[in-house]
Amino acid sequence: MTSQRSEALANHLERGARALADFASTLTDVEWNTPVPKDGRKIGVVVQHVAIVYPLEVQLAQTLAGGQPVTGVTMDNIHEMNAAHAKEYDAVTKEAALELLRRNSTAAAAAIRALSDAELDRAAPVSLYSDAPLTCQFVLEDHAVRHSYHHLARLRAALKR
């Protein structure tokens with residue numbers, strides 16, 4: 001049985017992914033390939049980025065849900081991953097990115113719904129936050145759930161929409 005909290009978190013993630021997909025589906029080819037100011041990645045690459053990191057973000061939260069610390073994750077790692085991702089997916093098509101966004105957000109929401117309240121409340125040190133003990137729910141909210149909303153705002157600003 002899904003807890004009300006995990007259901008709410010999954011619903012928030014799904015709404016954000018849908019909003020990002022709805023926005024991205026309206027983009028012209030020129031807009032899709034527009035670099036995001038201060039970021040440098042193309043808008044399409046950022047959509048692909050959100051989709052591709054859902055499994056990693058959920059895995060980190062599941063680590064905490066299991067009572068284990070998250071180790072070895074730093075901002076330098078994230079910047080390296082994002083740079084490599086930008087190169088690898090520089091020519092990503094809208095169709096491919098939107099399909100991955102749909103598939104991975106659906107899987108992420110299902111994984112979140114599988115978490116109990118006790119798992120959401122479980123905390124352990126997280127290297128990305130200077131080993132502060134954080135709950136599974138906080139990590140979900142700050143990463144997987146927030147990610148699409150965060151990038152959608154930046155993409156809209158880049159296109160002044």
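The values are calculated or read from the model by the stated rules, or taken from the named source; none is laboratory data. What you see is a predicted model, and the numbers here were worked out from it, not measured in a lab. Cβ sites come from the backbone with ideal geometry, for glycine too, and all protein chains shown count toward neighbours.
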Scope region 115-158; condition part of a helix (DSSP H, G or I), closer than 18 Å to T71 by Cβ and among the hydrophobic types (A, V, I, L, M, F, W, C); matching residues: L128, C136, F138, V139
Counted residues in region 96-133 being touching a Cys at 6+ places or on another chain (Cβ under 9 Å) and farther than 15 Å from V145 by Cβ come to 5
Qualifying residues in region 90-109 (those that are more than 24 Å from A61 (Cα to Cα) and of a type in the set (D, E)) - the one surrounded by the fewest Cβ atoms within 10 Å (Cβ to Cβ): E95
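Touching a Gly at 6+ places or on another chain (Cβ under 9 Å) and within 16 Å of F138 (Cα to Cα): is that true of A124 in this structure?
Against the criterion (touching a Gly at 6+ places or on another chain (Cβ under 9 Å) and within 16 Å of F138 (Cα to Cα)), A124 qualifies.
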Could you check, for region 103-124, whether at least one of its residues is more than 23 Å from H12 (Cα to Cα) and more than 14 Å from the chain's Cα centre (by Cα)? yes
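Tell me, yes or no, whether region 91-101 has at least one residue that is within 20 Å of L140 (Cα to Cα) and either under 17 Å from the mean Cα position of the chain (by Cα) or modelled with pLDDT of 95 or more (or both).
Yes, that holds for at least one residue.
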Counting just the residues of region 27-77 that are free of Cβ contacts under 8 Å to residues at least 40 places away in the same chain and closer than 28 Å to L120 by Cα, which one comes out surrounded by the fewest Cβ atoms within 10 Å (Cβ to Cβ)? D76
If the requirement is being assigned to a loop (DSSP other than H, G, I, E, B) and either closer than 16 Å to G44 by Cβ or aliphatic (A, V, I, L, M) (or both), which of these qualifies: R102, R161? R161
Select from region 1-26 the residues that are touching a Lys or Arg at 6+ places or on another chain (Cβ under 7 Å) and surrounded by fewer than 16 Cβ atoms within 10 Å (Cβ to Cβ) and write down the one among them that is modelled with the highest pLDDT. E7
